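The values are calculated or read from the model by the stated rules, or taken from the named source; none is laboratory data. Note that this is a predicted model, so its numbers are computed, not measured. Counting neighbours? That spans all protein chains shown, and the Cβs are built from the backbone with ideal geometry, glycine included.
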Amino acid sequence: MTTPEPDPTAGAPARCPRCTTPLEPGQDWCTNCGYAATTRVVPPGNWRWPIIVVTVIFLLGLGGVAGAFVAASGDAQHVTTTTLPAKTLPPTTTTPTAPATTAKAPTTSAPTPTATAPTTSTAATPTTPTTPTTTAKPPATAPKTKTD
């Protein structure tokens, strides 16, 4: 059996690499200058590749969404324009007013009645109201789509 050789620096107290102050056993930081005497700070990693990958994935997703909007808005064969039939109003009944007459009625020997009815001309009044007729197409129905 061989015995291990003693470490020549094991018996000497450790010193701070910056200010050479003696360090206690197990002391990682110098209490004089604050230097990391036994602790090694690792520099941060390179974030260039992860940022590039995330940016490319984001741009591909954005392009896919834009392409979906273009494809949906340019699909004219499945889009149908629906026109509603013309709205018809109910017929209105109007009575034309008779023009004022200034001519005197002929005199007759018949007795005059005490109450007289107004005279109106019925020749200008239409017998039935007419409404315009339109031939409207029935509303188009939207095509059925498949649902998953």
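Observations
- Any hit, region 97-111, residues being part of a loop (DSSP other than H, G, I, E, B) and either within 50 Å of the chain's Cα centre (by Cα) or modelled with pLDDT of 65 or more (or both): yes
- Residue selected from region 31-62 under the condition under 30 Å from R15 (Cβ atoms) and of a type in the set (G, A, S), by the criterion modelled with the lowest pLDDT: A37
- Selected residue (criterion: farthest from C16 (Cα to Cα)) from residues of region 32-69 that are polar (S, T, N, Q) and assigned to a loop (DSSP other than H, G, I, E, B): N46
- Selection from region 87-96 of residues that are surrounded by 10 or more Cβ atoms within 10 Å (Cβ to Cβ) and either on the phi > 0 side of the Ramachandran plot or at pLDDT 80 or above (or both): T88
- Hey, T80 in contact with a Pro (Cβ under 8 Å, 6 or more places away or on another chain), in a loop (DSSP other than H, G, I, E, B) and at pLDDT below 80 or not: yes
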